[in-house]
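The values are calculated or read from the model by the stated rules, or taken from the named source; none is laboratory data. From a predicted model like this one, the values you see are computed outputs, not experimental measurements. Positions of Cβ are generated from backbone atoms using ideal geometry, with glycine treated the same way; all protein chains shown enter the neighbour counts. Note: accessible area is taken over every heavy atom of the protein model, side chains too, but ligands, DNA and RNA are not part of it. Shrake-Rupley method; radii C 1.70, N 1.55, O 1.52, S 1.80 Å.
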Amino acid sequence: MRLSLNQAADLLKQGYVVAVPTETVYGLAASLNYQKSIEKIYELKGRPSNNPLIIHLSDLSILDSYEITKPPFFEQLTEAFWPGPLTLVLPINEESIPSNARAGLPTAAFRIPSHPLILELLNLTGPLVMPSANLSGKPSATSPEHVENDFGLEFPILDGGACRHGLESTILYYEENSWKIVRQGAISQESFYHVLGYNPLIAGTSKILCPGQLYRHYAPQAKLILSHQLSHLKNEVIIGFSDKSYPESCRVISLGRISHPEEVGENLYSVLRELDRRGIEKAWVDIDFPREGLLLTIAERLERAAK
Ligand code: TXA
Ligand code: MG
């Protein structure tokens, strides 16, 4: 069910869960004021209760009401990347944020999104918590149709068209005197250099700084086989790039041009979802591309989708 901006705001203010667009992926939103609605999000997604949610704000000044601790370079990071696809995990005064939004952690994740509709909505509703609007484990939703596929045609959706980035926000966490990337995303590792003077390290999984990294993610039903070498294939389905060539007998589903990684990011989840829609059981994925910039995030998503 498609809603107007005012309808979406009214439902959220009454404690309902509504799917909303952001510039990264669609989110399943609830007001931070309704603990029951936050619980409902976990239920709807089938999300483990120890996986916290991101709090979305319209304005930086709201952060001060949560008594956050601002790590070094906080101002520079927010100045450079907000509104936009950056999430910061910050130590907070625990009493200021419902425990189920942060899965009981002494920190909370915040971001100011840049999609004009979600900013207008946040101005009407106040802070919203939202995970990506997909069933837990599935590829994220980057269009209203994706949300409908997972939650049904009757689910309330604020339609903001297709998401511009198509990849989730990059999540940073400050630990041991430096910022670390705890989830790769729409802002590449190298993009932080001009602000921080270093490339934040990508945190490994040995110590869990971001609970979401523990779980199966982004995976279609179809079996994905990642490969650097596809020239020997015959009559297979290949997920590849429109500016590369593949064996003639194969059916190629294109992620866009590898020379334009933003295009690949934008299409990634649509393509993964399309495999299941078309009932394709197995696909080979071309991963013969450099691990830099946004392509590093894309490679990580493909690896996790194939697990
Ligand atoms: O682009 C995005 O970030 C999208 C849109 C809707 O804003 N949201 C999104 O939410 O991707 P979700 O729930 O799919 O992923 C949020 C990630 C999870 O991996 C979670 O573990 C992590 O953020 N997270 C949230 N709060 C955290 C905290 N306090 N400490 C560490 N990780 C946290
Ligand atoms: Mg998600």
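Observations on the structure shown:
- Overall, the ratio between the Cα radius of gyration of the stretch 165-267 and 2.2 N^0.38 Å, rounded to two decimals, is 1.36.
- Where labels lie 7 Å past Cα in the beta-carbon direction, separation of ALA162 and GLU292 in nm: 2.8 nm
- Tensor-based shape of the stretch 100-229 (alpha-carbon gyration tensor, a/c under 1.5 rounded, otherwise prolate or oblate): oblate
- Calculated mean residue ellipticity, 222 nm, the chain: -7500 deg cm²/dmol, from DSSP H runs (n ≥ 4) at -39500 (n - 2.57) each, averaged per residue and rounded to 500.
- Rounded to the nearest 20 debye, dipole of the stretch 177-253 from Cβ charges on Lys, Arg, Asp, Glu: 320 debye
- Tail beyond 24 Å, pair distance distribution of the stretch 59-164 (Cα, percent): 34 percent
- Per-residue HN-Hα couplings for the stretch 281-286 [Karplus 6.51, -1.76, 1.60; θ = phi - 60°; Hz; x = Gly/Pro]: 8, 8, 9, 8, 10, 6
- Cross-link pairs beyond the 30 Å C-alpha cut-off, checked among LYS138/LYS244; LYS180/LYS244; LYS70/LYS307; LYS40/LYS307; LYS45/LYS223: LYS180/LYS244; LYS70/LYS307
- For the stretch 1-27 and the stretch 200-277, distance of Cα centres in Å: 29 Å
- The residue list GLY161, VAL129, PHE151 was ranked by how far each Cα lies along the charge dipole of the stretch 106-163 toward its positive end, using unit charges on Cβ atoms, and VAL129 comes out on top.
- Per-pair calculated FRET efficiency, R0 = 30 Å: TYR215 and MET1 via Cβ, rounded to 0.05: 0.55
- Comparing Cα centroids, the stretch 134-162 and the stretch 34-53 end up 17 angstrom apart.
- Evaluated with a Cβ-only charge set (Lys, Arg +1; Asp, Glu -1), the chain carries a dipole of roughly 840 debye about its Cα centre, given to the nearest 20.
- Prolate/oblate/rounded label for the stretch 3-136 (Cα gyration tensor, a/c 1.5): oblate
- Legend: P(r) of the chain from all alpha carbon pair distances, 20 Å bins from 0, whole percents, reading 34, 57, 9, 0.
- Structural size metrics of the stretch 245-307, computed from C-alpha coordinates, are Rg and Dmax of 11.8, 32 Å.
- With R₀ fixed at 45 Å, the C-beta to C-beta distance from LYS223 to SER65 puts the FRET efficiency at about 0.40.
- Basic side chains Lys and Arg get +1 at the Cβ, acidic Asp and Glu get -1 at the Cβ, and with that the dipole of the stretch 149-307 about its Cα centre reaches some 420 debye.
- Accessible area in square angstrom per residue, the stretch 28-118, 1.4 angstrom probe: 42 Å²
- Beta bridges per DSSP, both residues in the chain: antiparallel share near 45 percent.
- Using 0.36 nm per residue and subtracting the Cα-Cα separation, the extra length available between LYS282 and GLN35 on full extension is 84.8 nm.
- Separation between Cα centres of the stretch 71-114 and the stretch 179-196, rounded to whole Å: 15 Å
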